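Peer 1: The structure that follows is given in the form of C-alpha cells.
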Amino acid sequence: MSGVRPPPPPPHPGTVLSTGAVLPGPPPPPPQLFITSPASSGLSPPPPPPGPTAAVSGPAGIVSAALGANGVQHARAACRPETSKTVLGWVTTPPIEGKRFSKVVLMGPYWSGTNAVREEIIWRFPQSEVLNPDKLDVTVGTPEHLRTLCDGLASGPVLNGPLWVGRRRVPSGYKLLSASRGVARSVLAAARESHSSAENADAARSSGGAGNGDVLEGSAESQAAEGFAAVSAECDASGEGGDAEPRSTGSSAWPVAEESSGSSMPQPPFNLAFGPDTAGRCGWWKHAVRPKSQGPIDTDEDTLVVLVTKDPLFWLKSVSKHYYEIRASEGSRAGLDNLFGELQHAGRHYKDAVELWSAAMESFLDEELYPSSRCVLLRYEDFLFRFWDVMVHLSAFLTSNGQRLKEPPNGNRLKVHGGDEVRGRDQALKYYAWTGNRHCDFDRTHLERMRELDPTLLRALGYQPAPGADEAVAVALERRLCHWVPRLRRGDVVAARLTCVTPTDRQSFCCHGRCTAGRVWALVVGASDDDDADGASCMVEITRQVPFEWLAAVAGRRDWSAIEWPERARSPALALLNGTKELRLDRDSLDLRLPGRPCSFARRDENDDVEEEPDMGFGTSSCSSASLPLTEEGYRAVVFLRSTRAMADFVQRVIADLEVRGAQHGRVLDRHKLLGFARWFSGEASVQSLAQIRRELPGKESEKWVTFAAAPPPRPLRDLPAEPLP
C-alpha cells in the first residue's frame, strides 16, 4: 500500500514490557476543558475530584440523574443508528439487499476519514474502482483520445458532462488541473480554437452570413474569454510539474491564453490530471453538500455510494486544524472560534460549521438525494473501532481479495495538512476512545450552539447530543469511553499494543506511551466489570496466531499471521513474553480486530443501554450456527466464527430453506463438496454474502452434491408371512 512510513525505533536497551498490572504507569493528565480563560468563558476552573461521599458543588455540580445509571456517561448507551439506510457494520436494509457493485463513489465532509476509507477499499477490493478521487490521471494515448479530450473541453476547463478518454471516465464537474502547465496550456489552446471556430460558424449562420469572426459583446464567446485569465494565472502560479491542490477559478468559461509562437499541440501519448471543481459545480466532489435542487446523485446501478459520517464534536475539532476550502468570514485557516461564525463552502453560505455538518448529514439521509438502493452509510467511528465488522459487511457489496481482507488495517497517516495533530491509527484509537477528548476545548457558547443540533438527526446516526457546559466539566473529572467503543467479550481477538518502561523508575513510562515495543495477537478471556472507567483492563491470552477452525490454511503461509501493516521485524523486547500465557492489559492498548460476533447482535433495552444476546458459543471451539438467523447479519456472524464447518452447517440450512422451482426440497448429497463450497464464504478463501449464496446454489445442482428435486417416496415394504418359511 502507498504511504508506508518506516517502523518506529526499537525500545531502549534495558527496558521491560508493561503489562498494565505489574508495572502501571501514572494516569494521563486530565484534558484541557476550555480553550478560553474562565473569565471569558463564564466558567470557573474545575474543582479537584471529590471523595466518595463528598458533595460536588460549583460548575462541576451535576444532578445525579445526568450521570446516573441511565445517564450518558455511566452506562454507554447503544450507538445503533436508527435510519432506514444500510449502515456498514450494523444492518442491511431491503432496498440494497442482495445487490453487487463494481464501482465506488465516496462522499463525506472534510476530516471524516474518506482518505483512509478509500485506501482500504482500493487495497482490499481491487476490482472495485473508486470513481471520484482527488486527482484523476488520464492517459491520452491516441489521436482519437486527443480529439475526444478537446471536444470535451470545448466549453471550458470544467467539464459540463462526463468525459470518456479511452477507458477512463472523468466525471462531470471535474476540471483540468495545472499540474503539467505546458501540456495543459497546449490542450486548452487547441480546444479553445476549436470552440471559437464552432461559435463563429454558428454566429454566421444565425446572422445570414454576416460577421467576420467579430466577438459580439455579451455573446457566449465573450463570456468564455472573460474567465480565461484566472486559469492562466493559476497555471503560471503552479509551475511546471507542480502538484497543486484543485482550486476553483470562479468561472467554467475559457481563459484567454497568451499566444506562443513556439507552442504546439503535444503528440500522444501524454498524461493529464483532472480534479473536482470545488465551487459547487461538481456533484461527485467527495466533500460536496448536495442540495435538493440537484436531485439524486447521478450514479448508475453498478456504483455503490459510501457516505462517511463523523461525530459532530470530534469533526469540529478536526476541522479546526485546517479549513481547506471552507472560507471563514475572518479569513483564518484554523482554530475553533471562527467555525462558529459565518462560513462559505462550495459556493454556499452557512451560519456556522454546525449548520454545515447538519446540512451534509441531512442530505445523506435524504432518499431523494441518496437512494437506499445504491447508497450506504459508514460511520468513521465504526471504521476505526470495528474495522473487521465493516470490511466483512462491505464484502457483501464488493468483490474482495480474500487474503488482503485478512491483513491488518493501515496505521499510517494519510494527510499532510494539520501538522503533527494528524493522527495515525494508534493515536486515533487512543484519542477517539475517550469522552474527555470529545468535550474538551469547547467553551460555553460553543457547547450551547451544538446542543441545538436536531436530536432526531443525531439519533439516526447513533451519535449522542453535546453535553452542557457543567456536564462537560464532570465528564472530564470522570473519564469514560465513548459509546461507540465496543465492549470486549470473551472470545474477541485483539491486537495488544505493548509499550516499554524504564527499569529504574517503574512508575513512569519512559516514552509516555509513544514507544511501541510491538503488538501480539491476544484472545480476550476476561474483561473487567466496568470497562468504561479510566484504566479499565482486560485479561487476555497471548496467541501466536489468530485461532480458526478452517479445513486448511492458505498454502505456503499462515492466515492472520501478521499483526502490523506493514509487517516489521519482531521486537527483541517481546522475547520477555516467552512462557507468558495470560496478561492483564489496559483497555485502550487493545485494538479489536476480530470480534466474536457482530455488533448488530447487541440490542437496546428499555433504558437505552446495551443488552447482550445470550452466549451462542462465539469464539469457542464448540460454537454452532444452528441458532443464527438466515439473514445477512446471521451470515456475517458465522463469518466471525472463522470456521468453514460452521459455514457449511449454515449453508445446509439455507439449502433447506431455498425455494427452487416453486418448492423447498433442497438437500445435501455430498458433505465434502459442501465444505469446498463453504470455504469461499467462510473467510478461508473469501467473504461474500448470503444473497450470493442463494444465487449460486441452484447452479450447483449440476455438480451432483446438492439437489432441489423432491425426494422419491420410500419403497413400500413387502408383506412378510406370519410364520417363518421352513
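Peer 1: Within 10 Å, Cβ to Cβ, of residue 541, how many net charges do the neighbouring residues add up to if Lys/Arg are +1 and Asp/Glu are -1? Let's see the in-between values first.
Peer 2: Values: positive: 581; negative: 582.
Here the charged neighbours net out to 0.
Peer 1: Order of 289-296, 275-282, 677-684 by packing, highest average Cβ count within 10 Å first? Show your work: numbers first, answer last.
Peer 2: Numbers: 289-296: 14.0, 275-282: 21.5, 677-684: 23.6.
Top to bottom by mean Cβ count within 10 Å: 677-684, 275-282, 289-296.
Peer 1: Need the full-extension length gain, residue 431 to residue 129, defined as separation in residues times 0.36 nm minus the C-alpha distance. One decimal, nm.
Peer 2: On the way: separation 302, 0.36 × 302 = 108.72 nm, distance 3.16 nm.
My answer for the length gained is 105.6 nm.
Peer 1: Moving to a separate point now. If ligands, DNA and RNA are left out, what is the accessible area of residue 539 with a 1.4 Å probe, given in Å² to the nearest 10?
Peer 2: Around 50 Å² of this residue is reachable by solvent.
Peer 1: While we're here: What distance in nm separates the two pseudo spin-label positions at residue 122 and residue 142, each 7 Å out from Cα along the beta-carbon direction?
Peer 2: Between residue 122 and residue 142, the label points sit 2.7 nm apart.
Peer 1: Compute the signed sum of charges (Lys and Arg +1, Asp and Glu -1) over the other residues within less than 9 Å, Cβ to Cβ, of residue 495. Don't skip to the end; give the middle numbers.
Peer 2: Numbers: positive: 497, 519, 593; negative: 564, 591.
In short, +1.
Peer 1: For residue 283, what is the net charge nearby, where nearby means another residue's Cβ is under 15 Å from its Cβ and Lys, Arg count +1, Asp, Glu -1?
Peer 2: Numbers: positive: 169, 175, 281, 286, 290, 292, 348, 374; negative: 277, 298, 300, 366, 368.
It works out to a net charge of +3.
Peer 1: Okay, moving on. What pairs from 85/310; 175/286; 103/292 go past 20 Å between their alpha carbons? Each step should come with its number before you reach the end.
Peer 2: On the way: 85/310 16 Å; 175/286 14 Å; 103/292 24 Å.
Where the Cα-Cα span goes over 20 Å, the pairs concerned are 103/292.
Peer 1: What is the gain in length, in nm to one decimal, between residue 568 and residue 581 on full extension, counting 0.36 nm per residue of separation less the C-alpha to C-alpha distance?
Peer 2: Numbers: separation 13, 0.36 × 13 = 4.68 nm, distance 2.29 nm.
Value of the extension gain: 2.4 nm.
Peer 1: Assuming 0.36 nm per residue, please report the length gained on full extension of the stretch residue 457 to residue 337 beyond their Cα-Cα distance. Before the final figure, lay out each step's value.
Peer 2: Values: separation 120, 0.36 × 120 = 43.20 nm, distance 2.39 nm.
Gain in length upon complete extension: 40.8 nm.
Peer 1: Compute, for residue 519, the solvent-accessible surface of its heavy atoms (probe 1.4 Å) with the complete set of protein chains present, and express it in square angstrom to the nearest 10.
Peer 2: For residue 519, the solvent-accessible surface is approximately 40 Å².
Peer 1: Under a plain spin-label model, where a point goes 7 Å from the Cα along Cα-to-Cβ, how far apart in nm are residue 367 and residue 656?
Peer 2: Distance between the two pseudo-spin positions: 3.7 nm.
Peer 1: Of all the accessible heavy-atom surface of the stretch 338-409, with the other protein chains kept in place and a 1.4 Å probe, what percent is carbon and sulfur? The partial results should precede the final answer.
Peer 2: Numbers: 810 of 1850 Å².
Summing carbon and sulfur atoms, their accessible area is 44 percent of the total for the stretch 338-409.
Peer 1: Once label points are set 7 Å from the Cα along Cα→Cβ at both residue 169 and residue 301, what is their separation, rounded to one decimal in nm?
Peer 2: That separation, rounded to one decimal, is 1.5 nm.
The values are calculated or read from the model by the stated rules, or taken from the named source; none is laboratory data. Computed from a predicted structure; not experimentally measured. Cβ coordinates were reconstructed from backbone atoms using ideal geometry, including for glycine residues, and neighbour counts include every protein chain displayed. Surface areas here come from the heavy atoms of the whole protein model, side chains and all, with no ligands, DNA or RNA. Shrake-Rupley method; radii C 1.70, N 1.55, O 1.52, S 1.80 Å.
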